[in-house]
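Step one of this worksheet: look at the structure below.
Values quoted throughout were computed directly from the atomic coordinates according to the rules given, and no laboratory measurement underlies them. Note that the structure is a prediction, hence the values are computed from the model and not measured. Backbone-built Cβ (ideal geometry, glycine too); neighbour counts: all protein chains shown.
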2 protein chains.
Amino acid sequence: MTGGERYVAGVDLGGTKIRTALAGAGGQVLAETEVPTEAAGGVRHVVERVLYTLELVQREAGVERRQLAALGVGVPGPLDPASGVVYTAPNLGWQDVPVRTILEEKTGIPVYLENDADLAALGEYAWGAGRGAENMVYVTVSTGIGGGLILNGRLYRGSFGGAGEIGHTVVLPDGPPCRCGKRGCTEALASGTAIARRAVELVEGGFGRGILAAAGGRVEGITAAAVAAAAAAGDGEALFLMKEAARYLGVALANVIVLLSPSLVVLGGGVMQAGEFFYEEICRQVRRGVIGPAARARVVPAATGGRAGVLGAVYLALTAENECINRRRK
Amino acid sequence: MTGGERYVAGVDLGGTKIRTALAGAGGQVLAETEVPTEAAGGVRHVVERVLYTLELVQREAGVERRQLAALGVGVPGPLDPASGVVYTAPNLGWQDVPVRTILEEKTGIPVYLENDADLAALGEYAWGAGRGAENMVYVTVSTGIGGGLILNGRLYRGSFGGAGEIGHTVVLPDGPPCRCGKRGCTEALASGTAIARRAVELVEGGFGRGILAAAGGRVEGITAAAVAAAAAAGDGEALFLMKEAARYLGVALANVIVLLSPSLVVLGGGVMQAGEFFYEEICRQVRRGVIGPAARARVVPAATGGRAGVLGAVYLALTAENECINRRRK
């Protein structure tokens, strides 16, 4: 790229919203927007929505279409970065969608595709809590639990893609069923969905009055956020559920630390907003589980919040554009 | 190095024996020897033993001392490859031993130090089952359970060293105590020591007659090898214990595969000699635990047997010598 005349865009394509940013060649974000995904409209419609956000950020930044050099896109599901095909993205209702080809035809510029958790890892690495980390594990605790690995200063994809799936490491054999088909996955024990499910079970068993109150008195209103709110207000049962989730998260994180000896673990995602007590409990559990030299790894909260994904998409577009021959070869 | 005139040596310094090999610049092993470590004699004595093996292989290969360009050494414990200090090696009775400095003073050549499991991973990668693998996980199931990671074609050490410690990933919270101080580590459930311990408990409870017979009728004779022999002969209780160990190994291996999406997992160590049924059971458990694109990883037995460590030490010396400036910088 040549100086300030060329730009890149990043798109975080989620199941409920599309977040898009336009940045200069140095990575500075000049415009950013967010629109509902309207995934039910199908692939064509979602692609039109993405193109619409690109127009919005270009207009806002006063950048012409021909000045856009590359596009990075994060998609919630396993995909092949080389071919640009999304194998499956349940939250979008996608199956084997060649989204890179589609977007390249529509935009006329190179499009780089990556898993959303991997891009969030890149975003935190480039402009968040992971700046300067040589080896970083990013974990997002949300509806599900995802992760991405930065090893030796680069996104690590593994041989077949899909690396970093800490949510589907098993920490309790014969534990509760996970949506992936296994049992006792970290996601089945510590995700927002898991916390809410445990709370519903409690309430349906005649307990959890504080949780029910925090959920507006309706069982259907019980979410991880409601449980977290009750816990933060001192409700014993809610605290128990949150600490139980923190414990399994701690086991999973300690396992990753023992395996990878990273300098840093960065924790993001909505459930991490539960409060200081939750973060502290996770750290306490991690400390119990790490041994040897790897115990020096630090665990810190994410710094870019909900923007990690879109920032990672920008970073992907910037770096991929600079080494596009390598990436295309792959 | 310059052609066939210079040589390297590799030393696998174990708690019970020292295995040393001398190789040409192309990696071809010209001489190899093994002597008891006599660890009880202390650091000085063990160093003398190492020097003695070097003399043996030099003599056998007809190589002069001045032709030896570098020495790779594997030590059973966490260490700092940069400073060359072994933090702790319980099997040698060592604590904070600057073994690199000692050996460099004695030999006058560069010495490169690495954890023994990491070197075994390198050995399998260079000349064993892992040839050509881009991302490989090596696991040794023996008295303990160790591991090493080859990521993007290079030994991955992590930020603080000690990466690859799959034996101390927890697969059963609140499980049996591990020698590391935690509970439910893979090593506490599936190592040779763990299998023997479970068998002793069974026999002391009045069960396990087939196992006791395989151990020569003496409780003190019960080892993982005895349990494996009884299992191979069709003893139901022994089979149960071996399959239980295989199950936890399978959970741990699947967790690593889900995290790292390697192309290959290589299984070595004495317990893997238990027989085809044990290996098959591990593979069955791994298949149950892998999901997504990472499920394409293959699991294979090690190919260099007990020589993985010494071959890795040779490989370390060869490659480190070729890029010694980089390594020294680290």
| Given the convex hull over the Cα atoms of chain A, what projected area results after averaging over all orientations, in nm²? | 17.0
| query | So what are region B:222-294's ellipsoid semi-axes, whole angstrom, largest first, if each one is the square root of 5 times an eigenvalue of the alpha-carbon gyration tensor? | reply | 25, 12, 9
| message | How large is the direction-averaged shadow of the alpha-carbon convex hull of region A:26-92, in nm²? | response | 5.5
| request: Once you've got the GNM for chain B with C-alpha springs shorter than 10 Å, pick whichever of B:19, B:307, B:65 has the biggest mean-square fluctuation. | output: B:65
| field | Top of B:234, B:14, B:74 by mean-square fluctuation, Gaussian network on chain B, Cα under 10 Å | value | B:234
| Where the label is 7 Å out from Cα toward Cβ, how close does residue A:206 come to the same position in every other copy, in nm, shortest first? | 4.1
| query | Which is the longest part of chain A that has none of the GluC sites (Glu not before Pro) sitting in a DSSP loop with at most 16 other Cβ atoms within 10 Å? | reply | A:135-322
| task | Return, ordered by residue number, the residues of region A:55-88 whose backbone nitrogen is under 17 Å from a label point located 7 Å along Cα→Cβ of residue A:179. | result | A:75-79, A:87-88
| remark: If each K or R counts +1 and each D or E counts -1, the residues other than residue B:309 whose Cβ falls under 15 Å of its Cβ total -4
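Order these by the 10 Å Cβ neighbour count, fewest first: A:68, B:119, B:56, A:149. The partial results should precede the final answer.
Numbers: A:68 20, B:119 32, B:56 17, A:149 26.
Lowest count first: B:56, A:68, A:149, B:119.
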| said: Run the label-point distances for residue B:134 please: 7 Å along Cα to Cβ, every other copy, nanometres, shortest first. | reply: 2.4
| query | In degrees between 0 and 90, to the nearest 10, how far off the longest principal axis of chain B does helix B:192-204 point, with axes built from Cα atoms? | reply | 30
| query | Comparing A:35, A:314, A:73, which has the greatest mean-square fluctuation in the GNM of chain A with Cα pairs linked when under 10 Å apart? | reply | A:35
| Do the sum for chain A: with -39,500 (n - 2.57) for every DSSP H run of n ≥ 4, divided by all residues, what is the mean residue ellipticity at 222 nm, to the nearest 500 deg cm²/dmol? | -12500 deg cm²/dmol
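What is the Cα convex hull volume of region A:129-302 when expressed per residue in Å³? Don't jump to the answer; show the numbers that get you there.
Details: hull volume 19.2 nm³, N = 174.
Each residue corresponds to 110 Å³ of Cα convex hull volume.
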| remark: With Rg from the Cα atoms and Rh as the Kirkwood inverse mean 1/r over Cα pairs, region A:137-187 has an Rg/Rh of 1.03
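How do B:296, A:100 rank when sorted from fewest to most other Cβ atoms within 10 Å of their own Cβ?
Values: B:296 16, A:100 23.
By the 10 Å Cβ count, ascending, the order reads B:296, A:100.
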| message | Bin width 10 Å, origin at 0, all Cα-Cα pairs of the protein assembly as shown: what percent of pairs per bin? | response | 3, 15, 23, 23, 19, 11, 5, 1, 0
| note | Ordered by fewest other Cβ atoms within 10 Å, a rough proxy for footprinting exposure, B:200, B:310 read B:200, B:310
| message | Give me the percent relative contact order of region A:107-194, please, defined on Cα pairs under 8 angstrom at least 6 residues apart. | response | 22
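Pairs of Cα atoms under 8 Å, at least six residues apart: use those to get the relative contact order of chain B, whole percent.
Answer for chain B is 20 percent.
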